[in-house]
1. Considering segment 21-33 alone, what residues qualify as being in contact with a Ser or Thr (Cβ under 8 Å, 6 or more places away or on another chain) and within 16 Å of the ligand (Cβ to nearest atom)?
2. Which residue, of Tyr332, Tyr324, Tyr313, is crowded, with 16+ Cβ neighbours inside 10 Å, in the same structural domain as Ala207 (by TED's automatic domain parsing) and at pLDDT 95 or above?
3. Take the residues of segment 61-108 that are among the acidic types (Asp, Glu) and either over 23 Å from Gly147 (Cβ atoms) or free of Cβ contacts under 8 Å to residues at least 12 places away in the same chain (or both): which is nearest to the ligand (Cβ to nearest atom)?
4. Quick check on my filter: what residues within segment 232-257 are touching a strand residue (DSSP E or B) at 6+ places or on another chain (Cβ under 9 Å) and either assigned to a strand (DSSP E or B) or among the acidic types (Asp, Glu) (or both)?
5. When you go through (1) touching a Lys or Arg at 6+ places or on another chain (Cβ under 9 Å); (2) more than 7 Å from the ligand (Cβ to nearest atom) one by one for Pro117, which number turns out not to apply?
6. Give Gly105, Gly158, Gly86 a once-over and let me know the one that is modelled with pLDDT of 95 or more and either outside the structural domain of Gly209 (by TED's automatic domain parsing) or among the hydrophobic types (A, V, I, L, M, F, W, C) (or both).
7. From (1) in a loop (DSSP other than H, G, I, E, B); (2) within 16 Å of the ligand (Cβ to nearest atom); (3) touching a residue at least 40 places away in the same chain (Cβ under 8 Å), pick out the condition that doesn't hold for Arg12.
8. Please find, among Ala312, Ala326, Ala346, the residue that is among the hydrophobic types (A, V, I, L, M, F, W, C) and within 21 Å of Asp253 (Cα to Cα).
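The values are calculated or read from the model by the stated rules, or taken from the named source; none is laboratory data. Quick caveat, the model's predicted, so the values are computed rather than measured. Ideal geometry is used to build each Cβ from the backbone, glycine not excepted, and the neighbour counts take in all protein chains shown.
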Amino acid sequence: MAHVISICGSLRAGSYNRMAMRLLPQLAPPGMSIAEAPSFAAFPLYNADIQNTSGFPAGVTALADAIRAADGVIFCTPEYNFSLPGGLKNAIDWVSRLPNQPFAGKPVAIQSASPGPLGGARVQYDLRRAMVFLDALTLNKPEVFIGACASKFDEKTGELTDTTTRTFMTQQLEAFAKFIDRRPPRLRRAGRTRRRLDMATTAGDSAFGSTAPPFALPATNGRSYALQDIAGAKGTVIAFICNHCPYVKAVIDRLAQDARVLLAEGFGFAAICSNDAVAYPEDSFANMRRFAEAHRLPFPYLHDADQSVARAYGALCTPDFFGYDAQGKLRYRGRLDEGRTAAPPAGARRELVEAMRAIAAAGVAPAQQFPSVGCSIKWKVA
Ligand SMILES: Cc1cc2nc3c(=O)[nH]c(=O)nc-3n(C[C@H](O)[C@H](O)[C@H](O)COP(=O)(O)O)c2cc1C
């Protein structure tokens, strides 16, 4: 059974798009249920200051949870000024800032209705573009543009009187059911995309102020560490790394050096490898031991074999840095320095070190943080 949720881009009571959206459950193929997503009508305008001081509004997490729990999402939206309605864009912006960003790997379909002749064609392409950034899997075809919608719906009953439109909508739902089915069942439930390529990914979605998730993991030095064993008096860095990724290989010696500096100043530091070692044998525990010795890592190098810790943190790539203050609240989600697969220029700022010092001194996150870039975490697919 595919459980799909629908999101209407219009807030007005008599919305044609809502009329279309409310028809979807009747048109869904066998094996697909469609329910309306929690409303975004009461979301405040996105403002990082709200996020950083009060956290995410309950409505935002409710919508994100519904998206995560769904096998797919269908948008029914009007076009405003050739693009997305502000309320819908605001809702997408809010949920996109959550860790474990809910659209990642999520099948998405789009329908639009407009009294104009194009039926909202342009909003669909702008919405697709936002979904690309959020790593959603957007169905390409068939597209559904309901043009001249005022002549196709009965305004009083909401009934769709145009049989051709009904056929298009039905065909898209059938295609969407197959599209959802194409993903491995485990990923369908978890809402995760199959990432097998060594592609560059940026870490950037951060719930600043959130608490470090606890863990207990074996380390390459033969011991086991819980979060409290790692935590430092001034703050703590948890880095997600691996052995094989070219981004990690390029930074590992600078990372070890900066970690030495931080450890000497009273910060805690640990690195975690969560990659699927079956698909990437270079990231096996035995190879982690070799890697830790070869680079003389001054911090515990921990093995997250079932990937639950990476998921709890919302880690996306290697390397991915989580900097916590002395109270264990997330304050930094930036990069080590400006180097990527090549060394940074001489004298490049030690961004992670500087950020942790600033957090310890002032208790606040540096305003400007550049997300780390690296290979995607290699999630298990079976
Ligand atoms: C601010 C605003 C901008 C609009 N811009 C467009 C547009 O670019 N293209 C279009 O086809 N219709 C546009 N419209 C008309 C809407 O398609 C029309 O109001 C539609 O009924 C809104 O969808 P709804 O019925 O689901 O609320 C615009 C309407 C508003 C209020």
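1. Met21, Leu24
2. Values: Tyr332 fails: at pLDDT 95 or above; Tyr313 fails: at pLDDT 95 or above.
Of the residues listed, the single one that is crowded, with 16+ Cβ neighbours inside 10 Å, in the same structural domain as Ala207 (by TED's automatic domain parsing) and at pLDDT 95 or above is Tyr324.
3. Of the residues in segment 61-108, the ones among the acidic types (Asp, Glu) are 65, 71, 79, 93.
If we keep only those that are either over 23 Å from Gly147 (Cβ atoms) or free of Cβ contacts under 8 Å to residues at least 12 places away in the same chain (or both) as well, we get 65, 71, 93.
Values: Asp65: 25, Asp71: 25, Asp93: 18 Å.
Only one residue fits best here, namely Asp93.
4. Gly235, Thr236, Val237, Ile238, Ala239, Phe240 - these are the residues of segment 232-257 that are touching a strand residue (DSSP E or B) at 6+ places or on another chain (Cβ under 9 Å) and either assigned to a strand (DSSP E or B) or among the acidic types (Asp, Glu) (or both).
5. (1)
6. Answer to the selection: Gly86.
7. Just one mismatch for Arg12, condition (3).
8. Details: Ala312 fails: within 21 Å of Asp253 (Cα to Cα); Ala326 fails: within 21 Å of Asp253 (Cα to Cα).
None of the other options fit; the residue is Ala346.
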